[in-house]
Amino acid sequence: MAKQKLKELVINGDWCKGCGICIKFCPTQVLELDRQDRCIAVRPEDCICCKMCELRCPDLAIEVITEKGEGGDHEK
Amino acid sequence: MAIKDYLRQRFFPHIWCPGCGHGIVLSSLLHAVEELGLAKNDIVMTSGIGCSARISGYVDFHSLHTLHGRALAFATGVKLAKPALNLLVPMGDGDALAIGGNHFIHAARRNINITAIVMNNRIYGMTGGQFSPLSGCGKRATTAPFLTIDQEFDVVKLAKAAGASFVARSTTYHAKESTLYLKKAIMHKGFSVVEILSQCPTHYGRKNKEGDAPDMLELYKDTTAKLGSKALEKNPDLIPRGIFVEEERGEYCEEYDKLVDKAMGGAR
């Protein structure tokens, strides 16, 4: 599998309930809680696009959009 | 299609508590549906009552929010009337095996082509944290202040014995694995059961000192092991995950069709 490059980490703050699952299991500590207890991406440059935050988010609030794939419109 | 396109987004954020595993099950299920490329109009989701049953309100499929424990009975009716549709039946542990226990074993016995998903959080969450038939021995609940003395059901063994032709188990920590099993279960012709261990941090976790949602997920990682793995061999007390049964057997709707043909003497 080719190495994926992050295009955007979309976090829906209205849906996030701040449970902290994504933060605990992120292998590169990209995510943190802000002062309102909502998840934010503080180090998106470290993201390795494993998408485990997206898959494990109970609020379906995270979407990892990569340069390749996702409908093919970002494909180079 | 993106996962969000399968949601009724107007009902979000959902009602589940922060860190509730049911949201992860919903996500895994939608990933499975998306990867299989199923059309929304070809899917019917029926659910009963409970936290877990709210799931049918969030998906943009045909959906039936029915009576407590009777989701499988309604699904059987839908499937027999429209055999071409894919039936997804997510149920909670109490919904599936206490209130709906009989529907569960008989749907398995008939081997009707339905995908049953048991979202097992070991507690009745919606009504305030009473213990369920899947809580197990020595657990604390609002109705068991001195710990439970009831043995729990093993969903996998029960489904296997009742005749389900596909049985698998996963957890919310293993979200990718859940998606894989759900995909296989949906494609399987016959009654398929996927048990997904799902954390309830509000009631079960708090009462049993299992910590918050991330801690409970960590516990799923530590207390389960893949079927056939070295870890499971060394420590049989771990909860096995994997596909336990996958076999081909006569499917109920097809058998029914054959019977109709026979009765009509080829006049159909």
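The values are calculated or read from the model by the stated rules, or taken from the named source; none is laboratory data. Model, not experiment: these values are computed from the prediction. Glycine gets a Cβ as well: all are built from the backbone with ideal geometry, and neighbour counts include every protein chain shown.
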Seminar exercise, completed: When (1) in contact with a Ser or Thr (Cβ under 6 Å, 6 or more places away or on another chain); (2) charged (D, E, K, R); (3) part of a helix (DSSP H, G or I) are applied to B:Asp95, the one that fails is (1)
Exercise. Regarding B:Thr115, is this residue touching a Phe, Trp or Tyr at 6+ places or on another chain (Cβ under 9 Å), over 16 Å from B:Ala73 (Cβ atoms) and modelled with pLDDT of 95 or more?
Worked result: no
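Does B:Tyr181 satisfy the condition of being surrounded by 21 or more Cβ atoms within 10 Å (Cβ to Cβ), hydroxyl-bearing (Ser, Thr, Tyr), over 22 Å from B:Pro18 (Cα atoms) and within 20 Å of the chain's Cα centre (by Cα)? Reasoning before the result, please.
Details: surrounded by 21 or more Cβ atoms within 10 Å (Cβ to Cβ): yes; hydroxyl-bearing (Ser, Thr, Tyr): yes; over 22 Å from B:Pro18 (Cα atoms): yes; within 20 Å of the chain's Cα centre (by Cα): yes.
Answer is yes for this residue.
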Exercise. When you look at B:Ile123, is it among the β-branched types (Val, Ile, Thr), within 25 Å of B:Leu87 (Cα to Cα) and surrounded by 16 or more Cβ atoms within 10 Å (Cβ to Cβ), yes or no?
Worked result: no
Problem set entry | Of residues in the range B:205-258 being surrounded by fewer than 12 Cβ atoms within 10 Å (Cβ to Cβ), without any contact (Cβ under 8 Å) to a residue 12 or more places away in the chain and among the charged types (D, E, K, R), the one nearest to B:Gly128 (Cα to Cα) | B:Lys209
For this session: Mind listing whichever residues of the range A:9-27 are closer than 12 Å to A:Pro58 by Cα and not aromatic (Phe, Trp, Tyr)?
Result: A:Cys16, A:Lys17, A:Gly18, A:Cys19, A:Gly20, A:Ile21, A:Cys22
Seminar exercise, completed: In the range B:131-160, residues that are within 24 Å of the chain's Cα centre (by Cα) and without any contact (Cβ under 8 Å) to a residue 12 or more places away in the chain total 2
For this session: Only residues that are surrounded by fewer than 19 Cβ atoms within 10 Å (Cβ to Cβ) and more than 17 Å from A:Ile65 (Cβ to Cβ): list them for the range A:8-24, please.
Result: A:Asp14, A:Gly18, A:Ile23, A:Lys24
